[in-house]
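Visitor: The structure under discussion is supplied below as structure tokens; questions concerning it will follow.
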Amino acid sequence: MCDYSLHGVPSRPASVGDRLVTRQFWNTTTRGFAAVKDPNVAVCLLAGTEVGFEREVERELTGFQLASFWRRKGPIHHTVARFRQINTEIQCTHHDALEFPDGEIVLLTHLRAGQHATVLQLPAQARTPAATPAKESPVKVL
């Protein structure tokens, strides 16, 4: 998915192996992922997509977070994360987030721009009956 404020930005779905970069999209209040080779197109991830970063992930606090002494401000000591959406019941807020192995959840828009990541794995998709191959009936030879 792509955050609500990226709906006016060209976008495409993520694929395994995509090389991504975190960036601030022009004329929006949102940071998100873009392809390294096409930085003006937002790359939208499905919940459960796993990404690996080149280095430990760094956050950059914005707005009210700067004045909030209780928020974590240092680097995130992980290089892998799983994409998820949070607070989906609240319409006009950021939903795109990364969950790290220690359970910490960070909004994607709070990551420092310019960090490189790779899509490692997409979430498993439920198969529909039409997509499942039909079982062949056993053939009896007489």
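The values are calculated or read from the model by the stated rules, or taken from the named source; none is laboratory data. The structure presented is a predicted model; accordingly, all values stated were derived computationally and were not measured. Heads up, the Cβs are rebuilt from the backbone with ideal geometry, glycines too, and the neighbour counts pull from every protein chain shown.
Visitor: What number of residues in segment 12-38 are touching a Leu at 6+ places or on another chain (Cβ under 8 Å) and either surrounded by 18 or more Cβ atoms within 10 Å (Cβ to Cβ) or among the hydrophobic types (A, V, I, L, M, F, W, C) (or both)?
Guide: The total comes to 11.
Visitor: Among (1) modelled with pLDDT of 95 or more; (2) part of a strand (DSSP E or B), there is one condition Val16 misses while meeting the rest; what is its number?
Guide: (2)
Visitor: Go over the candidates Val9, Val41 one by one and state the one that is outside any loop (DSSP other than H, G, I, E, B), out of contact with any helix residue (DSSP H, G or I) (no Cβ under 9 Å at 6 or more places or on another chain) and either at pLDDT 95 or above or surrounded by 14 or more Cβ atoms within 10 Å (Cβ to Cβ) (or both).
Guide: So the residue among Val9, Val41 that is outside any loop (DSSP other than H, G, I, E, B), out of contact with any helix residue (DSSP H, G or I) (no Cβ under 9 Å at 6 or more places or on another chain) and either at pLDDT 95 or above or surrounded by 14 or more Cβ atoms within 10 Å (Cβ to Cβ) (or both) is Val41.
Visitor: A further question on this structure: List every residue pair whose Cβ atoms sit under 6 Å apart, with the two residues 6 or more apart in sequence or on different chains, where the first one lies in segment 89-104 and is under 18 Å from Gly32 (Cβ atoms) and the second, anywhere, is modelled with pLDDT of 85 or more and of a type in the set (Lys, Arg).
Guide: Cβ pairs passing all conditions: Ala97/Arg84; Glu99/Arg82; Glu99/Arg84.
Visitor: For the condition assigned to a strand (DSSP E or B), among the small types (Gly, Ala, Ser), at pLDDT 95 or above and surrounded by 15 or more Cβ atoms within 10 Å (Cβ to Cβ), what is the one hit in Ala97, Ala81?
Guide: Exactly one of Ala97, Ala81 is assigned to a strand (DSSP E or B), among the small types (Gly, Ala, Ser), at pLDDT 95 or above and surrounded by 15 or more Cβ atoms within 10 Å (Cβ to Cβ), namely Ala81.
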